[in-house]
1. Yes or no: segment 151-160 includes at least one residue that is assigned by TED's automatic domain parsing to the domain that holds Ser118 and over 24 Å from Leu41 (Cα atoms).
2. Any idea which of (1) part of a strand (DSSP E or B); (2) buried (at least 22 other Cβ atoms within 10 Å of the Cβ); (3) within 16 Å of the chain's Cα centre (by Cα) is the one Leu143 doesn't satisfy?
3. Is it fair to say Leu222 is surrounded by 11 or more Cβ atoms within 10 Å (Cβ to Cβ), in a loop (DSSP other than H, G, I, E, B), outside the structural domain of Ala21 (by TED's automatic domain parsing) and under 23 Å from the mean Cα position of the chain (by Cα)?
4. Taking into account only those residues within segment 92-127 that are closer than 22 Å to Glu30 by Cα and out of contact with any Ser or Thr (no Cβ under 9 Å at 6 or more places or on another chain), which is surrounded by the most Cβ atoms within 10 Å (Cβ to Cβ)?
5. Quick test of your reading of the structure: Gly234 fulfils all but one of (1) assigned to a loop (DSSP other than H, G, I, E, B); (2) on the phi > 0 side of the Ramachandran plot; (3) exposed (fewer than 10 other Cβ atoms within 10 Å of the Cβ). Name the failing condition by number.
6. Name the pairs: first residue in segment 127-149 and on the phi < 0 side of the Ramachandran plot, second residue of a type in the set (Lys, Arg) and in a helix (DSSP H, G or I), Cβ to Cβ under 9 Å, at least 6 apart or on different chains?
7. Identify, from the list Gly53, Gly124, the residue that is under 30 Å from Glu218 (Cα atoms) and not aromatic (Phe, Trp, Tyr).
8. Could you tell me which residue of segment 53-68 is surrounded by the most Cβ atoms within 10 Å (Cβ to Cβ), considering only residues that are among the hydrophobic types (A, V, I, L, M, F, W, C) and under 19 Å from Pro106 (Cα atoms)?
Amino acid sequence: MKIVVAIKQVPERDAQVRIDAAGKWIEETEYALNEPDAYALEEALQLREQHGGEVVVLSAGPERVGTTLREALAKGADRAIHVACDDLGARDALGVARLLAAAIKPEAPDLVLTGLQSEDLGLGQTGVIVAELLGLPHATLILHVEKTETGFTVKRELEEGWFQTIELPTPALLTIQSGGNKLRYATLMGIKRAKTKEVRSVTSAELTVDAAPFVLLERVTLPRKQKSTQMLPGTAKEAAMALVEKLNVEARVL
């Protein structure tokens with residue numbers, strides 16, 4: 001069984017974020033593997049351990065993406081494909097999905113996995129668009145995957161603690177929800193082996209896909225820091241009732 005896992009390199013969670021001079025994106029910072037994609041990789045590695053086969057990791061972006069691909073190889077992936085693309089930030093979800101789909105298609109995988117969403121933009125669209133471009137059946141919010149004789153049985157997370165079990169044929173694409181498995185760390189031996197594993201590079205020009213975006217990112221801003229204090233008059237009971245009302249209607253946390 002061949003599994004392709006699409007991963008993304010995103011800004012490190014604890015990194016200092018600054019908007020660039022053009023106001024279109026953030027300045028270069030520290031980067032890491034997108035956490036939902038790490039869960040997709042873990043699911044792929046566990047399926048390979050149970051049923052055999054090959055795990056191929058795929059990522060699009062500039063040269064620095066190579067460090068994230070090597071991390072995935074150190075965790076156990078068999079080989080990697082780097083879609084070299086310096087203008088990834090200028091592409092919308094459809095544009096990125098076209099790149100990934102063009103790189104995935106020649107591999108003819110039995111299963112394609114992605115994280116549910118990226119930690120930087122959080123659109124949650126790229127995986128399902130890739131599935132549509134490849135003509136694959138797909139499902140989202142997946143917590144667990146089991147291989148069957150005819151395809152896959154998957155467990156989906158729904159709202160309010162509900163779950164759904166569905167069956168899909170092979171090949172298929174799944175977007176993986178975080179938390180379904182315990183993530184593994186790269187061992188010292190894994191890091192050494194990663195240096196000898198294949199990392200094939202293909203340029204976005206070679207894939208000849210349409211880069212014209214349908215969605216344009218006009219401006220990026222940091223959230224405003226503000227403080228606000230409200231005094232609730234009346235008795236303790238009246239103040240408590242007013243507080244509950246504000247938490248429910250204004251803050252929407254109840």
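The values are calculated or read from the model by the stated rules, or taken from the named source; none is laboratory data. Note that this is a predicted model, so its numbers are computed, not measured. Note that each Cβ is placed from the backbone with ideal geometry, even for glycine, and that neighbours are counted across all protein chains shown.
1. There is at least one residue in segment 151-160 that is assigned by TED's automatic domain parsing to the domain that holds Ser118 and over 24 Å from Leu41 (Cα atoms).
2. Looking at each condition in turn, Leu143 falls short on (2).
3. no
4. Here the answer is Glu119.
5. Failing condition for Gly234: (3).
6. Pairs that qualify, where the first residue is on the phi < 0 side of the Ramachandran plot and the partner is of a type in the set (Lys, Arg) and in a helix (DSSP H, G or I), are Ile129/Arg98; Val130/Arg98; Leu133/Arg98; Leu133/Lys105; Leu134/Lys105.
7. Residue meeting the stated conditions: Gly124.
8. Top of the filtered list is Val57.
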